[in-house]
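Undergrad: First, the structure itself, so that you have it in front of you.
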């Protein structure tokens, strides 16, 4: 409709006939802008409500001492997601479908069940964050949660992949406001730079609390749903073999932006560390920030928390519905109207509506759900990454062009072993408590 | 996809969005069936099974502990 009144650039709203450009540089730039999207979305959506909580808590408890950890996670998260991009472009199929077809029904169903469960519990925490943040602004839960659930559902029901992608990219870019808030915190530039590049520990050394928080930061930055989401998204967008390098660039830029935003969240949280203040939840933290940045900072942080939850909700729900529909053999594309892919959209709507419904139940066991998410994510991540690594070494499927090189494998097995150990420690810590030596 | 139109004096390139481009023939896992169980695949899946069993055992222990079973046995 809008296109018929205003002539939008081809990279914002493309047409079937495409666009003619006169220079090779123009061709590369336009192609990149058309490919751009899934990499930024998968990375920035991972800065969801739980991530806001974890990163600001890291800043509030330890100041800028954990900034180096974020920089260390940048290449790790890029390498993991790059494999997903390669697999998605090479096969044009989602991750769940690949596990099902190459590892058989048992592993396929296990991965699917595990993904659906952990995603659903994460969705509940996203809506809990929306209720918490808007509650601080005086909006009752019975108004805020259904309104946002309806909005998140409507985002995908238009039968246009591009419409959903453009809205979501816009929401991702809104997170750049965190960078502005980091300046309001007045951090010393030298201190930020030093803590970002030189690994160091806060006073008190490696305490159990610090180990737990480090594990939580790693677990927040690399989540199982991201593997499923980006591969399905790349397949749904029908990215071509020739788009691989641009898609890698999209993923790298997305990872860099996400790590910068995460660092900004940590810097905002560090205001409380410098002033010796503590809080129980991120909404309460926003209230404590009034003294340092006025109501702009308070309301800004609350609204960005809602934005983070909306991004997390749409991406995680889509990861679930793509995966379920792929395994069931249903039609599954955002480019299709509801009548052509009813099962795919039904999974999305049911997941969002049920998660929103649970949050509205008075005295729902939200703390138990948050712990459940941590444990299940700890269980899920190593298994999802192992399947990914095995699939990327599947030369019979991928051929020499897309299969992992030996340097890929060295990096990836190292990442897998580290993630395995961290996930196991997290799961043990949450399940038993006091597992770490005090 | 980019194409160079013919009969043009200056080179021009047509850039088409992936959604509107002609579909490519992708690498298809359907015909291959399940992945062959090479030594590395077997060890990786074995490690995964052991990890999952340990974690599930831990979860079961925690649930039983929360239910007060171990306390009841010691009395």
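Undergrad: If packing is taken as the average number of other Cβ atoms within 10 Å across a peptide's residues, how do A:326-338, A:73-85 rank, most packed first?
TA: The densest-packed peptide leads the list: A:73-85, A:326-338.
Undergrad: Rounded, prolate or oblate: which fits segment A:74-133, taking a ≥ b ≥ c as square roots of the Cα gyration tensor eigenvalues, rounded meaning a/c under 1.5, else prolate when a/b beats b/c?
TA: Cα axes put segment A:74-133 in the oblate bin.
Undergrad: Summarise the partner chain shielding of B:29-37 as one whole number: the mean count of Cβ atoms from other chains within 10 Å of each residue's Cβ.
TA: Mean inter-chain Cβ contacts per residue within 10 Å come to 5.
Undergrad: May I ask you to order A:225-236, A:143-154 by the average number of other C-beta atoms within 10 Å around their residues, highest value first?
TA: Packing order, densest peptide first, comes out as A:225-236, A:143-154.
Undergrad: Residue by residue through A:75-88, how many Cβ atoms from other chains fall within 10 Å of the Cβ on average?
TA: The shielding value for this peptide is 0.
Undergrad: In nm, to one decimal, how far is the modelled label at residue A:296 from the one at residue A:209, with both set 7 Å along Cα→Cβ?
TA: Inter-label distance under the simple model: 3.3 nm.
Undergrad: Could I ask something else about it? Please arrange A:392, A:174 by counting, for each residue, the other beta carbons lying within 10 Å of its beta carbon, fewest first.
TA: A:174, A:392
Undergrad: Using a Förster distance of 30 angstrom, determine the FRET efficiency expected from the C-beta separation of residue B:26 and residue A:249, and round it to 0.05. Before the final figure, lay out each step's value.
TA: On the way: r = 21 Å, r/R0 = 0.71.
Using R0 = 30 Å, I get an efficiency of 0.90.
Undergrad: Peptide A:104-112: average number of partner chain Cβ atoms within 10 Å per residue?
TA: 1
Undergrad: Moving on to the next point. Does chain A come out rounded, prolate or oblate, given a ≥ b ≥ c as the square roots of the eigenvalues of its C-alpha gyration tensor, rounded meaning a/c under 1.5 and, failing that, prolate meaning a/b above b/c?
TA: Because its axes are fairly even, with a/c under 1.5, chain A counts as rounded.
Undergrad: Estimate the FRET efficiency between residue B:64 and residue A:288 by the formula 1/(1 + (r/R0)^6), using the beta-carbon distance for r and 41 Å for R0, to the nearest 0.05.
TA: 0.50
Undergrad: So, one more: Quick check of the Kirkwood formula: for segment B:36-75, what is the inverse mean of 1/r over all pairs of different Cα atoms, in Å?
TA: In segment B:36-75 this quantity evaluates to 12.1 Å.
Undergrad: Classify segment A:131-182: rounded, prolate or oblate, from the alpha-carbon gyration tensor (a ≥ b ≥ c, eigenvalue square roots; a/c under 1.5 rounded; otherwise prolate if a/b is larger than b/c)?
TA: Oblate shape, in that a/c is at least 1.5 and b/c is the bigger or equal ratio.
Undergrad: If contacts are Cα pairs under 8 angstrom and at least 6 residues apart, what is the relative contact order of segment A:41-185 in percent?
TA: Result for segment A:41-185 is 22 percent.
Undergrad: Now for a different question. With the contact rule set at Cα under 8 Å and sequence spacing of 6 or more, what percent relative contact order holds for chain A?
TA: 33
Undergrad: Could you state the number of Å between the C-alpha centres of segment A:75-153 and segment B:10-73?
TA: The two parts, judged by their Cα centres, are 14 Å apart.
Undergrad: A further question follows. Length gain on complete extension for the stretch residue A:22 to residue A:174, per 0.36 nm per residue less the alpha carbon to alpha carbon distance?
TA: 51.4 nm
Undergrad: At residue B:54 and residue A:407, where each label point lies 7 Å from the Cα along Cα→Cβ, what is the point-to-point distance in nanometres?
TA: With each label point 7 Å from Cα toward Cβ, the separation is 3.2 nm.
Undergrad: Could you sort B:11-21, A:249-259, B:44-54 so that the peptide with the highest average Cβ count within 10 Å comes first and the rest follow in order?
TA: Averaged packing, sorted descending, gives the order A:249-259, B:11-21, B:44-54.
Undergrad: Given the C-alpha atoms of segment A:29-126, compute the convex hull and give its volume per residue in Å³.
TA: Per-residue hull volume (Cα only) is 143 Å³.
Taken together, the values in this text are just the output of simple stated rules run on the coordinates, not laboratory data. Everything numeric here is computed off the predicted structure, so don't read it as measured data. Reconstructed Cβ throughout: ideal geometry from the backbone, glycine too, with neighbour counts over all protein chains shown.
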